[in-house]
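Engineer: A single structure is presented below for examination.
The values are calculated or read from the model by the stated rules, or taken from the named source; none is laboratory data. All figures in this text were calculated on a predicted structure; none of them were measured in a lab. Don't worry about glycine lacking a Cβ; one is built from the backbone with ideal geometry, like all the others, and counts go over all protein chains shown.
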Amino acid sequence: MLILLGMQVESFKVFRDLVESRSFSKAASLNFITQSAVSQQVRAMEERFRVPLIERSNKRFGLTREGMLLYEASKQIVFQFDSLQHQLSEMRNVVSGTIRLSTVYSIGLHELPSYLKKFLREFPSVNVHVEYRRSNQVYDEVIEGTSDLGLVAFPVHKKALKIEPFRKDRLVLICVPTHELAREGEIDVEKLKKEKFIGFEPDIPTRKAVDKIFREAGLEVNPVMEFDNIETVKRAVEIGAGVSIVPSATVEQEVRDGTLAVVEFKGRPYYRPLGIIYKSGRVLSPAMKRFLKTLKETVDTPESRSVEMAANS
């Protein structure tokens, strides 16, 4: 009976996804069906309820009054059905399924692996599908429902999202080991005034944080190069094109290999907060709840140890 009910609920889910994404193609992708199947399900619902649901006279996507009523009902129906499924799974202590995770490159490549390894070792039946995106795309995919969870730096509060803290990265200066600054244990930010600086593109959250550091120090630093990801920034620094400010967790391997040197800043440390985002009001599956729990636990890494030492000093 639950399977039959699920087949009927699926039509309401397709309609809900269509309204929220305002796209037949996205609704099709979210439900693993064709655009034609989405259209057929909408027509079938219109025939079943004997009312028009979509405004077909306008070029832009719109709903009739009946369509708005059905959309609100669809949200409740899908919510209740998902809740029932997850409660039954929890009663049977079943943790399985798929988690669709969207993350920015720096977190996905350098922060996530240790947590993911720990989670999959404990719950091998769960499939975690990871997509690497720019920050704005992570927000969009979580809001649209194409991703269950997102990992971002400097999380921005949005009405449609819930944010939970993940961890904090310490921001440090990086340069080639032969650079004169590499011989100093720590420096004042003002020392960067005459340095060639390699930065991130303006829409990258870490760039905005670095700009704030410079403003507070009264510095005007003009980047000689700007990139949209941490890996390219590191490669530019490695060839001696300049210095940069990055999260310390992202350069641990290069420091071990001797291709980059890390220099701390004097005074209070600068941090990059990381957050977990998911859509407000959505029902979290047992797998998602356990994954969130794992992300909130402390996984032993050089960066986590240094943050703990800084907090206790």
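Engineer: Looking only at segment 101-116, count every residue that is in contact with a Gly (Cβ under 9 Å, 6 or more places away or on another chain) and of a type outside the set (A, V, I, L, M) and tell me the total.
Structural biologist: Looking only at that region, the number is 2.
Engineer: Tally the residues that are touching a helix residue (DSSP H, G or I) at 6+ places or on another chain (Cβ under 9 Å) and farther than 15 Å from Val104 by Cβ, restricting the search to segment 141-176.
Structural biologist: Selection size over segment 141-176: 18.
Engineer: Confirm whether Lys162 is assigned by TED's automatic domain parsing to the domain that holds Ser285 and over 30 Å from Ala28 (Cβ atoms).
Structural biologist: No, not satisfied.
Engineer: Within segment 142-152, which residues are crowded, with 22+ Cβ neighbours inside 10 Å and either outside any helix (DSSP H, G or I) or not assigned by TED's automatic domain parsing to the domain that holds Val283 (or both)?
Structural biologist: Once the filter is applied, which keeps residues that are crowded, with 22+ Cβ neighbours inside 10 Å and either outside any helix (DSSP H, G or I) or not assigned by TED's automatic domain parsing to the domain that holds Val283 (or both), segment 142-152 yields Ser147, Asp148, Leu149, Gly150, Leu151, Val152.
Engineer: Only one of these is at pLDDT 90 or above and among the acidic types (Asp, Glu): Glu184, Glu131. Name it.
Structural biologist: Glu131
Engineer: Applying the selection to segment 153-180, what residues are aliphatic (A, V, I, L, M) and either more than 19 Å from the chain's Cα centre (by Cα) or assigned to a strand (DSSP E or B) (or both)?
Structural biologist: Those that are aliphatic (A, V, I, L, M) and either more than 19 Å from the chain's Cα centre (by Cα) or assigned to a strand (DSSP E or B) (or both): Ala153, Leu161, Ile163, Leu171, Val172, Leu173, Ile174, Val176.
Engineer: Considering only segment 187-204, how many residues are modelled with pLDDT of 90 or more, farther than 18 Å from Pro269 by Cβ and either outside any loop (DSSP other than H, G, I, E, B) or in contact with a His (Cβ under 6 Å, 6 or more places away or on another chain) (or both)?
Structural biologist: Looking only at that region, the number is 4.
Engineer: Quick check on segment 277-287. Is at least one of its residues of a type in the set (D, E, K, R) and either at pLDDT 95 or above or assigned by TED's automatic domain parsing to the domain that holds Leu112 (or both)?
Structural biologist: Within segment 277-287, one or more residues are of a type in the set (D, E, K, R) and either at pLDDT 95 or above or assigned by TED's automatic domain parsing to the domain that holds Leu112 (or both).
Engineer: Scan Val255, Val262 and give me the residue that is without any contact (Cβ under 8 Å) to a residue 12 or more places away in the chain and out of contact with any Lys or Arg (no Cβ under 9 Å at 6 or more places or on another chain).
Structural biologist: Only one candidate passes the filter, namely Val255.
Engineer: Just need a number here: residues in segment 12-54 that are touching a residue at least 12 places away in the same chain (Cβ under 8 Å), more than 34 Å from the chain's Cα centre (by Cα) and either assigned by TED's automatic domain parsing to the domain that holds Val142 or farther than 24 Å from Phe81 by Cα (or both).
Structural biologist: Counting residues in segment 12-54 that are touching a residue at least 12 places away in the same chain (Cβ under 8 Å), more than 34 Å from the chain's Cα centre (by Cα) and either assigned by TED's automatic domain parsing to the domain that holds Val142 or farther than 24 Å from Phe81 by Cα (or both) gives 2.
Engineer: For segment 205-216, give me the residue count where each residue is of a type outside the set (A, V, I, L, M) and either within 18 Å of Lys234 (Cβ to Cβ) or part of a loop (DSSP other than H, G, I, E, B) (or both).
Structural biologist: 3
Engineer: Name the single residue that is farthest from Thr294 (Cα to Cα) among those in segment 89-141 being assigned to a helix (DSSP H, G or I) and without any contact (Cβ under 8 Å) to a residue 12 or more places away in the chain.
Structural biologist: Checked segment 89-141; the qualifying residue farthest from Thr294 (Cα to Cα) is Asp140.
Engineer: Right, another one. Among what's in segment 194-211 and is exposed (fewer than 14 other Cβ atoms within 10 Å of the Cβ) and more than 15 Å from Val246 (Cβ to Cβ), pick the residue that is farthest from the chain's Cα centre (by Cα).
Structural biologist: Within segment 194-211, the match that is farthest from the chain's Cα centre (by Cα) is Lys194.
Engineer: Here is a further query. Please enumerate the residues belonging to segment 215-235 that are buried (at least 19 other Cβ atoms within 10 Å of the Cβ) and closer than 16 Å to Phe265 by Cβ.
Structural biologist: Of everything in segment 215-235, just one residue is buried (at least 19 other Cβ atoms within 10 Å of the Cβ) and closer than 16 Å to Phe265 by Cβ, namely Val221.
Engineer: Looking at segment 244-297, which of its residues are assigned to a loop (DSSP other than H, G, I, E, B) and under 16 Å from the mean Cα position of the chain (by Cα)?
Structural biologist: Ser280
Engineer: Just name the residue that is modelled with the highest pLDDT out of those in segment 3-27 that are over 20 Å from Lys59 (Cβ atoms) and aliphatic (A, V, I, L, M).
Structural biologist: That would be Val14.
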